[in-house]
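Taken together, the values in this text are just the output of simple stated rules run on the coordinates, not laboratory data. In this text, all values refer to a predicted model and were calculated from it rather than measured experimentally. Cβ: placed from backbone, ideal geometry, glycine included. Neighbour counts: every protein chain shown.
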Amino acid sequence: MSDSHSRAADAVLSAKGRSFHWARRFLGERHAERATRLYMLCRYVDDIADEAVSGTDARQALARMKQDMRAGRSSDPIVSDGIRLFAECGIEPGIFIELIDGVESDLGTVRISDTDALIHYCYQVAGTVGLMMCRILDAKEAAADAHAIDLGIAMQLTNICRDVGADAALDRRYLPATLVGELAPASLLQPDTGTDAAVRSALSDLLQLADRYYQSGESGLAYLPAASRAGILLAARVYHAIGSTLRRNDFSFQSGRAVVGTGRKSLITLQTLAEFVLHRRYRQVPAAHDAALHEPLRRTSVRMTTLNTRHVD
């Protein structure tokens, strides 16, 4: 990758992925460079969906990207670098196409029906990133994939809980109707005692669910090369802290995004690194993956084709 492209990728990560930028320094130079390139590519897909003039323009751009991925070549420099990255790391293009499918679903009416549908969506837009990170970090064991998917799902659940207001402003409601009813996104922007109570209860439930996926994600760290484990654990802990902030703020979703400041990140870093050194569990592979965590994916018939090439629960 050229120096200019490397600087551009780092600038994107620094501006839009502060938690990952903070943890990246603990991955080692080669893996950090790869992860930064992957982040830039995934962010590019998100920006196409969120910033396009029209949904039609965005769908056409995403369709071209999928075609380029299948063909293995592109005139778009960001996509072209992604294709090279996938070749370098043995990343199956189908994984990235599943991510694009998930992002493309944001261009329609977003009203999540139930928790299974939410987990399905989280797999598409973030569990796939976990799979790609396995290849980027040179994880050789197929069993690592399921845990990587779970860490991605956990982080996306955290995102959704943090961004209720921002998503509502885009006419999107990711909170499942089974938890909050058929609320229109606009109603999430207006204070209402009944609505607020339902949303706070839903956020509490979803963050508890995220905790289960974080636990599974962390339990699979031993499948990663030793030099990468601390960085991924730190990224997980910093992201997990966003949920802790929401809890401390009584799940207040209309007062701006919950953030983890530099001081708290520094404390989390020290605590995480100390725990990483002292506890053996980060060097011991788990007895088995909790297959119940992927039941929502089976019930919603998510393809997970690329996962099945390496791992079957």
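Values computed for the structure shown
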{"item": "Extension reserve of the THR195-GLN208 stretch, reckoned as 0.36 nm per residue once the Cα distance is removed", "result": "2.7 nm"}
{"item": "For the chain: relative contact order, % (alpha-carbon pairs under 8 angstrom, 6 or more apart)", "result": "20"}
{"item": "For GLU141, distant residues with modelled amide H under 5 Å away", "result": "none"}
{"item": "Ellipticity estimate at 222 nm from DSSP helix runs (n ≥ 4, -39,500 (n - 2.57)) divided over the chain, nearest 500", "result": "-21500 deg cm²/dmol"}
{"item": "Per-residue ³J(HN,Hα) for the stretch 151-163, Karplus 6.51 cos²θ - 1.76 cosθ + 1.60, θ = phi - 60°, Hz, x for Gly and Pro", "result": "5, x, 4, 4, 5, 5, 4, 4, 4, 5, 5, 6, 9"}
{"item": "Among GLN60, LEU297, LEU209 - extreme Cα towards positive end, dipole of the stretch 3-310, charges at beta-carbon", "result": "LEU209"}
{"item": "³J(HN,Hα), Karplus 6.51/-1.76/1.60, whole Hz, each residue of the stretch 96-102, x for Gly, Pro", "result": "5, 5, 4, 4, 4, 4, x"}
{"item": "Efficiency of FRET between ALA291 and ASP250 - r from beta-carbon atoms, R0 51 angstrom, step 0.05", "result": "0.90"}
{"item": "The stretch 203-215 - phi-based ³J(HN,Hα) in whole Hz, Karplus 6.51/-1.76/1.60, Gly and Pro as x", "result": "4, 4, 5, 5, 6, 5, 5, 4, 4, 5, 6, 4, 4"}
{"item": "Dipole magnitude of the chain, debye to nearest 20 (Cβ charges: Lys/Arg +1, Asp/Glu -1, about Cα centre)", "result": "920"}
{"item": "Extension gain, VAL277 back to ALA71 (0.36 nm per residue minus Cα-Cα distance, nm)", "result": "69.7 nm"}
{"item": "Exposure proxy order (Cβ contacts within 10 Å, fewest to most) of VAL129, VAL103", "result": "VAL103, VAL129"}
{"item": "Footprinting exposure proxy for MET132, MET40 (fewest neighbouring C-beta atoms within 10 Å first)", "result": "MET40, MET132"}
{"item": "Fewest-first sequence of HIS147, HIS240 by Cβ atoms within 10 Å of each Cβ", "result": "HIS240, HIS147"}
{"item": "C-alpha center-to-center spacing [the stretch 50-69, the stretch 200-226] in angstrom", "result": "32"}
